[in-house]
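Okay, structure first, notes after.
Computed from the coordinates by the stated procedures, all read-outs in this text should not be read as laboratory data. Owing to the predicted nature of the structure, the values given are computational and were not obtained by experimental measurement. Cβ sites come from the backbone with ideal geometry, for glycine too, and all protein chains shown count toward neighbours.
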């Protein structure tokens, strides 16, 4: 990957994850225990031999910055390798936020030029897949391409309006590309959001965008014109690739992982992550009490399970007390589920306490095909008091204490003990 730099798009606002993204970027979300979504693309880049990586961040970047740091977990702190975090900045005549993915790259064009890049790899931080980018680069250079688009069949059961569609002609030449059309074409070949550009052409297109366009979305202002006027090729990806636009798709994919229905396995694929957060690297093995029952679940280090866990993911440090039931749920780090509590279809952020005999959520009709309104989401450091019943589809705010007298019509008010 000599003379190639990578730019990771880790920026925008995501409204599809309820309170889970009220204090973090989507790419920093915990995933399948102790991983985070961004770990996949950073692992891909590290193992592909990309030595210069820029991460463009904007929306609630604190958690993501803490997680990535200087890139030590992915070997980006070694000689001749580096990772650079790129938040919006105040400069001469520029005080606004990034106005889109293309504008973010334009304002960090010096990263491309200072590294004398011949090619620029652009990837998204919140897509789940495992890939070596080197064959794509070889194909790109052999064809003398202006842009190479990594494509895949649209995942079954997903909204067709969420994707860009790539029409491929002879010898892999892209003859048409349209981003998120209102009327999707009949074929199902879609872009994965992985683009490999010739660096000089990318810079020229970005200069043109600043002079002529009010749109700053990379696929529409850069990729679509190159497809019409230049040499664009497709690079089919044959592995498992997932775009998780909302919490329902996030939960459904976890259920696929638990059932072994995906070729992706963070452990078997040796996905790298930062184990310094909350001392993840030194947590003890999970403990299972004499009356515990665990079925089709992932239980992380540091967990204590004394109750029943079914088709659920427990991140490090979760404690499930005797006679408690956790079913079809995802609990982030250091949650406590008290004696006799029952959680079904729940996604809970870190440090939440579910006191004894509370009831949260309801059974999922089909855990692998979750629909809107079927999940109950609990914000970080909230507390559900003893005996409280929270109906399906509710959203508990961050740090909220919920008692039996809590008024759901007044979100943001403080419940009193």
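Using only the Cα atoms of the stretch 85-186, build the gyration tensor, take square roots of its eigenvalues as a ≥ b ≥ c, and label the shape rounded, prolate or oblate: rounded if a/c is under 1.5, else prolate if a/b is larger than b/c, else oblate.
Working: a/c = 2.07, a/b = 1.37, b/c = 1.51.
Oblate shape, in that a/c is at least 1.5 and b/c is the bigger or equal ratio.
Before anything else, pin down the relative contact order of the stretch 30-134: Cα pairs under 8 Å, at least 6 apart, normalised by residue count, whole percent.
Details: 95 pairs, mean separation 43.1, N = 105.
RCO, the stretch 30-134: 41 percent.
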Taking a ≥ b ≥ c as the square roots of the eigenvalues of the Cα gyration tensor of the stretch 1-137, is the shape rounded (a/c under 1.5), prolate (a/b larger than b/c) or oblate? oblate
Tail beyond 17 Å, pair distance distribution of the stretch 282-402 (Cα, percent): 49
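Give me 112, 68 sorted ascending by neighbouring Cβ count inside 10 Å, so fewest comes first. It would help to have the intermediate numbers written out before the result.
On the way: 112 23, 68 28.
So the ranking, lowest neighbour count to highest, is 112, 68.
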Round to a whole angstrom and tell me the spacing of the C-alpha centers of the stretch 373-403 and the stretch 273-294. 24
May I ask for the angle, rounded to the nearest 10°, between helix 247-259 and the longest principal axis of the chain, with both axes built from Cα atoms and the value confined to 0 to 90°? 80
Principal-axis tilt of helix 38-47 within the chain, Cα atoms, nearest 10 degrees: 50
Binned at 20 Å starting from 0, the alpha-carbon pair-distance distribution of the chain in whole percents comes out as 26, 53, 21, 1
Rank the residues 237, 336, 197 as a footprinting-exposure proxy: fewest other Cβ atoms within 10 Å of their Cβ go first. 237, 336, 197
So, in nm, how far is label residue 389 from label residue 407 when the simple model puts each one 7 Å beyond its Cα toward the Cβ? 2.2
Sorted largest first, extent of the stretch 196-292 alpha carbons per principal axis (Å): 68, 30, 24
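Determine the calculated [θ] at 222 nm for the chain from helices alone, applying -39500 (n - 2.57) to every DSSP H run no shorter than 4 residues and normalising by the residue count; nearest 500 deg cm²/dmol.
The helix-only estimate for the chain comes to -5000 deg cm²/dmol at 222 nm.
Among 222, 5, 320, rank each residue by its count of other Cβ atoms within 10 Å, from fewest to most, as a rough exposure measure.
Working: 222 27, 5 24, 320 31.
The most exposed by this proxy come first: 5, 222, 320.
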Taking the Cα of residue 175, stepping 7 Å toward and past its beta carbon, and measuring to each backbone N in the stretch 188-203: which are under 17 Å? 188-190
How much length is gained if the chain between residue 72 and residue 114 is pulled fully straight, taking 0.36 nm per residue apart and subtracting their Cα-Cα distance, in nm to one decimal? 12.9 nm
Beta bridges per DSSP with both ends in the chain, % antiparallel, nearest 5: 30
Crossing angle, helix 199-212 versus the chain [Cα axis fit, 0-90 degrees, rounded to tens]: 80
